[in-house]
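J.: Got a structure for you, questions after.
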């Protein structure tokens, strides 16, 4: 039998106006306002990042015969809007190595005669970047000079347009922030004591290991999209998940339930479009291009993609970013709650005095 206070119990209406007053509370209004703000922020962030991708300072190595290299580099760097950032290298072998080690996005090999120029690219790092470079070099080509594209590292056949790295990272990040949010909704946003904090972080660590394992199985074994790097994908995905979960828990310790909304804002609204998955950083507007590498999303895509296709080159910054999110999230989770309680006690003592 339902108790008198049960929300499922039928109650006669008090009239429409009175029911509106009872139902539309200030708390409910604030929650709906927060949802509206997040929704519009989502639209702004995704359209702002993707509405007009164009190359900006794409790094290109240039190899040209004799004294012509300086002129070619100068011509490329002087293009309107500065889509390219060209620099000379000595040999074609060095240019090839720089592309595969991700020190540059492409390499232009200028031949001795018209029709022998080649552009070395690695479309596994993002087919959209290759397409944008093709557009740029069509404008550079003269009537008697064409550039042949050579793809040094295309995506795996089962990797489609090279987006499996991005989707893997998006999936495990969802697991991280939803895991911390689920514990907050079950046991409160702020753990009651340090032991509870350790237990909650331990549970999130276990979730992260299982999340990384599941992601690696799906990406490597099930769909063969990113084959041959099972252990690396497992532990990279584990680190991404835990960095997001620890960050989400830290937000909740500092802000209470509002920390869940902040997690969505950072990891979904801002993190996904700036991650360099759909469009690489060189095609994104300045805000998203600068923000992406500092978030678990961008760092995660760099790690997964570069270990899957480029031997783990150019990943030092991404390792540091994820490690700082882990350490920062754990420290804030432990320190933030006692500091908040101390401020509350001081405020009560001051009021009592």
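A short reminder: the numbers here are calculations on the coordinates, not readings from a lab. Remember, it's a predicted structure, so these values are computed and weren't measured experimentally. FYI the Cβ positions are ideal-geometry reconstructions off the backbone, even for glycines, and counts take in every protein chain you see.
J.: What distance in nm separates the two pseudo spin-label positions at residue 36 and residue 92, each 7 Å out from Cα along the beta-carbon direction?
T.: 6.2 nm
J.: What length, rounded to one decimal in nm, is gained on full extension from residue 185 through to residue 230, with 0.36 nm per residue of separation minus their alpha-carbon distance?
T.: Values: separation 45, 0.36 × 45 = 16.20 nm, distance 3.35 nm.
My answer for the length gained is 12.9 nm.
J.: Moving to a separate point now. Can you list the residues of segment 146-160 with backbone N under 17 Å from a point 7 Å past the Cα of residue 138, pointing along Cα to Cβ?
T.: Under cut-off, by backbone N: 146-150.
J.: Using 0.36 nm times the number of residues separating residue 13 and residue 199, minus their current alpha carbon distance, what extension gain do you get?
T.: 62.3 nm
J.: Can you tell me the relative contact order of the chain? Whole percent, Cα pairs under 8 Å, sequence separation 6 or more.
T.: The normalised contact order for the chain reaches 17 percent.
J.: Can you compute the helix-only [θ] at 222 nm over the chain? Use -39500 (n - 2.57) per DSSP H run of at least 4 residues, normalise by all residues, nearest 500 deg cm²/dmol.
T.: -19500 deg cm²/dmol
J.: Still on this structure: Express the C-alpha Rg of the chain as a ratio against the empirical globular expectation 2.2 N^0.38 Å, rounded to two decimals.
T.: Compared with the compact-globule rule of thumb, the chain sits at 1.27.
J.: Say each of residue 54 and residue 221 gets a label point 7 Å from the Cα, pointing the same way as Cα to Cβ; how far apart are those two points in nm?
T.: So the label points at residue 54 and residue 221 sit 4.8 nm apart.
J.: Quick check on segment 50-116: take the gyration tensor over C-alpha atoms, sort the square-rooted eigenvalues as a ≥ b ≥ c, and tell me if it's rounded (a/c under 1.5), prolate or oblate.
T.: Details: a/c = 2.13, a/b = 1.39, b/c = 1.53.
Judged from the Cα gyration tensor, segment 50-116 comes out oblate (a/c at least 1.5, b/c at or above a/b).
J.: As an exercise, find the ratio Rg/Rh for segment 221-300 from alpha-carbon atoms, using the Kirkwood inverse-distance average for Rh.
T.: Values: Rg = 14.5 Å, Rh = 13.9 Å.
In segment 221-300, Rg relative to Rh is 1.05.
J.: How many Å³ per residue does the convex hull of the Cα positions in segment 95-142 occupy?
T.: For segment 95-142, the hull spanned by Cα atoms encloses 70 Å³ per residue.
J.: A follow-up question, please. For segment 30-184, what's the radius of gyration and Dmax over Cα atoms, in angstrom?
T.: Rg, Dmax (Cα atoms, Å): 20.5, 68.
J.: Along the Cα→Cβ direction, 7 angstrom out, place labels at residue 70 and residue 335. What is the inter-label distance in nm?
T.: For the pair residue 70/residue 335, the computed spacing is 5.3 nm.
J.: Could I ask something else about it? State the percent of C-alpha pairs, over all pairs in segment 255-308, separated by a distance greater than 19 angstrom.
T.: So the pairs more than 19 Å apart make up 29 percent of the total in segment 255-308.
J.: Rg (Å, one decimal) plus Dmax (Å, integer) for the alpha carbons of segment 159-352?
T.: For segment 159-352, the Cα radius of gyration and maximum Cα-Cα distance read 17.7, 66 Å.
J.: Rounded to whole Å, give me the distance from the Cα center of segment 16-45 to that of segment 274-336.
T.: 33 Å
J.: Note the angle between two axes, namely the Cα long axis of helix 316-352 and the longest principal axis of the Cα atoms of the chain, as a number of degrees from 0 to 90, rounded to the nearest 10.
T.: 30 degrees
J.: A further question on this structure: Please report the spacing between the Cα centers of segment 74-104 and segment 220-269 in Å, no decimals.
T.: Their Cα centres are 34 Å away from one another.
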